[in-house]
Protein chains: 2
Amino acid sequence: MTGRTTGGASDADRLARVALSRLGEPGDPRFAVHTAQMGASAFHDALLHERDPGSGVVTDVATRLASMEPERDLELAARMGIRFVVPGDPEWPRQVDDLSAAGEVQRRGGPPLGLWARGPLRLDRLLGSVAVVGSRSATTYGSDVAATIGAGVAQAGFPVVSGAAFGIDQAAHRGALAVDGPTVAVLACGVDRAYPAAHRSLLEHLAGHGLVVSELPPGSAPTRLRFLARNRLIAALTRGTVVVEAAVRSGALSTANWAGRLNRAVMGVPGPVTSAPSQGVHELLRLGAGTLVTSAEDVLEMVGVSGAHLVEEPRGPERQRDRLSLRHQQVLDAVPVARAAHVDSISRTAGLPISDTGNALIRLREVGLVVADRDGWRLAALAHR
Amino acid sequence: MTGRTTGGASDADRLARVALSRLGEPGDPRFAVHTAQMGASAFHDALLHERDPGSGVVTDVATRLASMEPERDLELAARMGIRFVVPGDPEWPRQVDDLSAAGEVQRRGGPPLGLWARGPLRLDRLLGSVAVVGSRSATTYGSDVAATIGAGVAQAGFPVVSGAAFGIDQAAHRGALAVDGPTVAVLACGVDRAYPAAHRSLLEHLAGHGLVVSELPPGSAPTRLRFLARNRLIAALTRGTVVVEAAVRSGALSTANWAGRLNRAVMGVPGPVTSAPSQGVHELLRLGAGTLVTSAEDVLEMVGVSGAHLVEEPRGPERQRDRLSLRHQQVLDAVPVARAAHVDSISRTAGLPISDTGNALIRLREVGLVVADRDGWRLAALAHR
């Protein structure tokens, strides 16, 4: 082993992290604590030589270290176009270091030892990224909205991060790809594997145009534990998490929960209250754990650089009424909606002289807001309320 | 005129309020200020004898007072089953006195001089009522949700208050009527009139079983100004306002705005983000001006007597996983989702001895959470994530 590579981590540190990441499960607090305290290389060597670094619980698996070949792992990975990025590398996405806080480590939420990455997009470009996650059993509505938000976020230059699952994940990726925008799948298995198998071509496409990321070494299989760990990583990598459809207790809500703990923006897209896949999102919003968003613009306002993506307040169709003088508005407000009234009655209601009221009514008729017949004046249909 | 009726306002006060309510528009700050300062009867007499009570603007219409016959108004109203309720009457809904705050008076939101009421429900029962309002051009979804919420609120014994317009208003009333629950229409015209005309039978039904209310004397026609004033009254009468569907700048949002100013609960029912009639509600929720609700239970939690209507947190279907021991959960979490794995690999992932892992796997197979084949163990389809 040689010393440091230019601007990156040392070879010893990198190789130690490869071996350790084969040894422990993602987020394991024992690995996080000792790696932080001793450094990866010293922790690795201590385990290898069975010098227990203070906590007996890790030695039970330490003997497996001797049989590992981290150089060969890196070499095989490189042949598949996979790189291993570790803290200190220029490409390291520093926002995931937020997982080093003691509270996160204790919840099995420690930082990853390193990230296996496949694809042209650089991990350090994910600083402004947005997670779009949700139910695997999404409705057509949910998929459409996820694709639209994915497209809008990616088109604004912010990478879309999701999990490559069926339903919302897939729709978010496809939305970003449709506008040739940056998009990233974070997996609960090795980046060389296709899970679900039906998404092999989607994952190949992401590896070719965007990025596929995992903290698990190539070859690793997905487990429930790894999905939960993956959710914390999606939250940590991104500036905010948008939940599009999510049943109560879904994985997408666990991602949102991590995002909240890490002070990322938590956002939810509402849907019909009669739709089960929207129930989890509504609960999130009802409890004030997230902000309601309806569009990519809303999302960008929540996560974007201040002032760069301000939402235009939606306005009703500009009304003719707004262009009237106050006096004319006053008369208009006094004209009956249903049955017609005479000018003297309208002038009393408006609190204005009869002559002024009459002049105003004539002007209002010219612009089509009131109509006159033999019973008097009433509002034109268009001007109701 | 005689003195005070038992427990109610004096006849002089009541008759003065009848005459004044024919003279001014609802919410007129001049009437509110002088009535509050002088009392209705003295203010009326001052106007009648053209002794300007300090503000020249009211004398322009004062001469009309002389021709009024408030006794006859009350008598004609009584023949139509209409009563006139004024402050001091046992039936007076005291919560509307919140409109006497100076800020409200200046916004044309002063308290009503009195309330014309038609129907068996008493106005003082509206203290715990809930307004359900929304778009006239409602979708089927919105109408269904409004009816369901109307039914749930009314069934819990809380009166439903709305306008009597097409769309959400109508659906809310019908929901309450379907469960024989209390429901109230607040009109922008006299309670003897049907607006819209197509709702004549609905209004007759409400007058027969619930209540129809207005601050405008019988015979009055609806105007835009009166709709706006009516909205403040709906907000003031109720403990909270639920907006079901509302375009941006709709009347329902003005009701919600009044409810917020009056420290009533403001609630919004979300819908598809692709649905224009939900856009105003989403904007309300996005800006934090209202709380998301999805059901009558949510609404009752927001407005109900503390603890009486607590919402049960929705829970996912109870999972078999939750009934497992921690050890069994640990093993389950280590079983691969897709390809099978052997017991030694699973025991390493779980961090448990092989024998314990094997026993756990057998138990997990018995309850259907994992399956075994010649390649090893994997999660059963049902247990995914």
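Observations, loosely collected:
- Mean sequence separation of contacting Cα pairs (under 8 Å, at least six apart), scaled by the length of region A:320-383, corresponds to a relative contact order of 37 percent.
- Percent antiparallel among DSSP beta bridges (both partners in the protein assembly as shown, rounded to 5): 40 percent
- Using every pair of distinct Cα positions in region A:320-383, the Kirkwood expression returns a hydrodynamic radius of 11.2 angstrom.
- Plainly put, the tip 7 Å out from Cα toward Cβ on A:Asp97 is 6.3 nm from that tip on each other copy, the closest given first.
- Stretchable slack from B:Arg79 to B:Val371, in nm (0.36 nm times residue separation minus alpha-carbon distance): 97.2 nm
- Karplus-derived 3J(HN,Hα), 6.51/-1.76/1.60, for each residue of region B:345-353, Hz, glycine and proline x: 5, 5, 5, 5, 4, 6, x, 10, x
- In this structure the amide hydrogen of A:Asp192, modeled in the peptide plane, comes within under 5 Å of the amide hydrogens of A:Gly219, none closer than 5 places in sequence on its chain.
- Put the Cα centre of region B:221-266 next to the Cα centre of region A:332-355 and the gap is 24 Å.
- Remark: spin-label model distance A:Asp124-B:Asn263 equals 5.5 nm, labels positioned 7 Å along the Cα→Cβ axis.
- Taking every DSSP beta bridge that has both ends in chain B, the antiparallel portion is near 40%.
- Chain A holds its axis-closest Cβ, relative to the rotation onto B, at the residue and whole-Å distance A:Pro270, 2.
- Label 7 Å beyond Cα on the Cβ vector: B:Glu366 copy-to-copy distances, nm: 9.1
- Rounded tilt (10° steps) of B:276-286 against the dominant C-alpha axis of chain B: 80 degrees
- Spin-label model, A:Ser67/A:Asn359: points 7 Å from Cα along the beta carbon direction are separated by 10.0 nm.
- For chain B, a crude dipole built from +1 on the beta carbon of Lys and Arg and -1 on the beta carbon of Asp and Glu, taken about the Cα centre, is about 740 debye to the nearest 20.
- Farthest positive-ward along chain A dipole, Cα basis, beta-carbon charges - from A:Ala102, A:Ala246, A:Gly24: A:Ala246
- From phi via Karplus (6.51, -1.76, 1.60), per-residue ³J(HN,Hα) for region B:30-45 in Hz, x at Gly/Pro: 5, 5, 5, 5, 5, 5, 5, 7, 9, x, 4, 5, 5, 4, 4, 5
- Between helix A:140-155 and chain A there is an angle of about 80 degrees, using the helix long axis and the longest principal axis of the Cα atoms.
- Shielding by other protein chains, B:245-255, mean Cβ within 10 Å: 2
- Over region B:114-303, relative contact order from alpha-carbon pairs under 8 Å, at least 6 apart, %: 24 percent
- Cβ-based net charge around B:His199, under 13 Å, with every Lys or Arg adding one and every Asp or Glu removing one: +2
- Taking amide H as placed 1.01 Å from N in the peptide plane, the amide H of B:Val85 sits under 5 Å from that of B:Leu115, B:Trp116, B:Ala117, each at least 5 places away or on another chain.
- Shielding of B:270-282 by partner chains, average beta-carbon count, 10 Å: 6
- Computed over region B:114-303, the ratio Rg/Rh where both radii use C-alpha atoms and Rh is Kirkwood: 0.93
- For the pair region A:175-190 / region B:11-42, the C-alpha centres are spaced 68 Å from each other.
- Ranking B:Leu262, B:Thr148, A:Met267 by Cα position along the charge dipole of the protein assembly as shown, where only Lys, Arg, Asp and Glu carry charges on their C-beta atoms, puts B:Thr148 farthest toward the positive end.
- At an R0 of 56 angstrom, the distance between the Cβ atoms of A:Asp45 and A:Ala276 translates into a FRET efficiency of 0.60.
- Spin-label zone in region A:247-279 - amide nitrogen under 17 Å from a point set 7 Å from the Cα of A:Gln106 along the C-beta vector: A:261-262
- In range of the label at A:Arg321: residues from region B:170-203 whose backbone nitrogen is under 16 Å from the point 7 Å along Cα→Cβ: B:188-189
- Each Lys or Arg adds one and each Asp or Glu takes one away; over the other residues whose Cβ falls under 13 Å from the Cβ of A:His209, this sums to 0.
- Relative contact order (percent, whole number), chain A, Cα cutoff 8 Å, 6+ residue spacing: 12 percent
- For A:Gly219, inter-copy separations between label points set 7 Å beyond Cα along the Cβ vector come to 9.5 nm, shortest first.
- Per-residue [θ]222 nm for chain A (sum of -39500 (n - 2.57) over DSSP H runs n ≥ 4, rounded to 500): -12000 deg cm²/dmol
- With Cα atoms, 0 to 90° folded angle of helix A:168-178 axis to chain A main axis: 80 degrees
Read-outs throughout are calculated quantities, based only on the coordinates presented, and are distinct from any laboratory measurement. These figures come from a predicted structure and were not determined experimentally. When we count neighbours, we look across all protein chains shown, and the Cβ atoms used for this are built from the backbone with ideal geometry, even at glycine.
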